[in-house]
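Engineer: One structure follows; several queries about it will come next.
The values are calculated or read from the model by the stated rules, or taken from the named source; none is laboratory data. Computed from a prediction, not measured in an experiment: that's the story for all the values here. Here Cβ is always computed from backbone atoms with ideal geometry, including for glycine, and neighbour counts include all displayed protein chains.
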Amino acid sequence: MKLRVLSAICCAVLTSLPALPSFAATKQAAEPGNESIAVVKTWRELSERPVIRFNEKTTVRLGIENIRAPRFSGVMLYCLTEGYDGRLPQQNDPEFRIGPLVIELKRENAAAAVKLGGETDFQERAHHVTGKLLFVQLIPLSAEGRHLLSVKDREGRPFGNAAIEATPPEQPWSPLSRPQVVEVEEPETDGVAAGAVAFNGEGMALPLMLGVEPVWYEALGGERGPLEFYDDELLPSVMRQEPRAAPPVAPAMKEQVAKAVAQLASDDFDVREQASATLAQFGRKALGALRHFEKSTDDAEVRARLRRQIDEIDSDFQISYDRGDVFVMMRNPFVGSDPETSFLARCWINGKPYCATIEAVAQDLGGHSVSFECTHLRLKFTLDAEKLGLSAGGKIGLQMLYCPCGWKTITTEDEVAKRELADRTDYMPRVSNKIEFTTN
């Protein structure tokens, strides 16, 4: 499967696929009201939410990822608009926004709202996008307890609300740092970059989100596929850990997968490569069958190839580990300069989730140096075994989060996130697969 969900947001046009009948355009628009925002997991569920009239030309649909999440994490808020031109706000807009709407978060029984962000400098965009647009904003939870979320327009009209419960911390994302002394051998291949990072599991951080920039749009002649294509695919998330649910496998699909899996054991390299390409084309429809054959095969190479196919479906980009290097691979170009400013990580120590202490707060994000794009990144990855509680021969699980707009630390105090946005077209964080390796 191509990169689904997060990276599918930024994929090329899939014009070869037949357009499906619209399942969202026929709903009657309602006037704004203070209704509860429903939990949604898939694009279809968001598309089937009630249509709310923003103005004469624009309607919105709202959904939220969850109403429970661990402290030092967050939940995604989704806003699907139609007829909105995606126009950027004025410079130094002080409000925390999602598309044309404004977000406010309060802890229960608190008089003042939580400082969520805003005051961000924006560069003027040369053109405005139109059509159906998906805006996403991450609601950070820096304290345990009940939080009250409200979504309004700039005149104060209510568009929806949600009560979010922040539970005790579990496994937050943590920043990476740059080693003091490191020698990196630069690759000679185009599209491949090299860098070095250190990880000690200190501090909690979340990606900065730009809620005023659409992460997906459906514009005639644009670079994104039609809304109906995503159907039951999962919406963007930066906290989800569980494997993606597999749809029922049709008998005909299972037969095709079985044929391709048999070819993975061929002595002919080209046949094996073609079989892998065939399985990739099946995508999520074949996920259940791929998991079945991965568990049942005795062939190590077949199992490894199936594992890679499953990872591509279960994650937005892939990482792998080899002798101290972590390799980052994405289908679409990403910013590879200063990886410590663009990636977060979380880990498992001997199978148990690692949670940083509240007192350990990493330094705030600095500015980028000259940016360059790549599709592959090789990182010399240094682990602080003492701080992580690792002994020789211990196993560490690793997962990474790509933050195209940078990240901010989450502390016991509310913070205002402020960052000058670089000129880029990718605004959606992506979550990697999980890998495991043994320390020396």
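Engineer: All but one of (1) touching a strand residue (DSSP E or B) at 6+ places or on another chain (Cβ under 6 Å); (2) modelled with pLDDT of 85 or more hold for G394; state the number of the condition that does not hold.
Structural biologist: Just one mismatch for G394, condition (1).
Engineer: Six or more apart or on different chains, Cβ under 8 Å: which pairs go from a residue in region 230-256 that's on the phi < 0 side of the Ramachandran plot and modelled with pLDDT of 75 or more to one that's part of a loop (DSSP other than H, G, I, E, B) and charged (D, E, K, R)? Could you list them?
Structural biologist: L234/R4; L234/K41; L234/R240; L234/R244; L235/K41; L235/E65; S237/E65; M239/E65
Engineer: Of the residues that sit in region 330-352 and are aliphatic (A, V, I, L, M) and buried (at least 20 other Cβ atoms within 10 Å of the Cβ), which one is farthest from L208 (Cα to Cα)?
Structural biologist: Result: M330.
Engineer: Still on this structure, please answer the following. Report yes if D311 is without any contact (Cβ under 8 Å) to a residue 40 or more places away in the chain and either of a type in the set (G, A, S) or surrounded by fewer than 19 Cβ atoms within 10 Å (Cβ to Cβ) (or both), otherwise no.
Structural biologist: no
Engineer: For region 137-182, name all the residues that are closer than 15 Å to M76 by Cα and in contact with a Gly (Cβ under 7 Å, 6 or more places away or on another chain).
Structural biologist: Q137, L138, I139, P140, L141, V151, A166
Engineer: Could you run through region 24-66 and say how many residues are within 21 Å of I103 (Cβ to Cβ) and assigned to a loop (DSSP other than H, G, I, E, B)?
Structural biologist: Residues that pass the stated criteria total 17.
Engineer: Can you list residue pairs whose Cβ atoms sit under 9 Å apart, with the first residue in region 103-123 being buried (at least 18 other Cβ atoms within 10 Å of the Cβ) and the second being at pLDDT below 75 and of a type in the set (A, V, I, L, M)? Count only pairs 6 or more apart in sequence or on different chains.
Structural biologist: The qualifying pairs are L116/V416; L116/A417; G117/V416; G117/A417; G118/V416; G118/A417; T120/A417; T120/L421.
Engineer: Select from region 53-79 the residues that are farther than 13 Å from F159 by Cβ and of a type in the set (A, V, I, L, M, F, W, C) and write down the one among them that is farthest from the chain's Cα centre (by Cα).
Structural biologist: My answer is I67.
Engineer: Give me the residue from region 377-398 that is free of Cβ contacts under 8 Å to residues at least 60 places away in the same chain and assigned to a strand (DSSP E or B) and, out of that set, surrounded by the most Cβ atoms within 10 Å (Cβ to Cβ).
Structural biologist: I396
Engineer: How many of the residues making up region 292-306 are closer than 18 Å to A280 by Cα and surrounded by 15 or more Cβ atoms within 10 Å (Cβ to Cβ)?
Structural biologist: Selection size over region 292-306: 7.
Engineer: Consider region 363-382. How many of its residues are aliphatic (A, V, I, L, M), touching a Phe, Trp or Tyr at 6+ places or on another chain (Cβ under 6 Å) and at pLDDT 80 or above?
Structural biologist: The number of residues fulfilling the criteria is 0.
Engineer: Would you check if A275 is surrounded by 14 or more Cβ atoms within 10 Å (Cβ to Cβ) and under 16 Å from V249 (Cα atoms)?
Structural biologist: In short, no.
Engineer: Also: Could you look through region 91-102, keep only residues that are of a type outside the set (D, E, K, R) and either within 22 Å of the chain's Cα centre (by Cα) or surrounded by 14 or more Cβ atoms within 10 Å (Cβ to Cβ) (or both), and pick out the one that is modelled with the lowest pLDDT?
Structural biologist: Looking at the filtered set, the residue picked out is F96.
Engineer: In addition: When you look at V257, is it over 27 Å from R430 (Cβ atoms) and either more than 29 Å from the chain's Cα centre (by Cα) or not charged (D, E, K, R) (or both), yes or no?
Structural biologist: no
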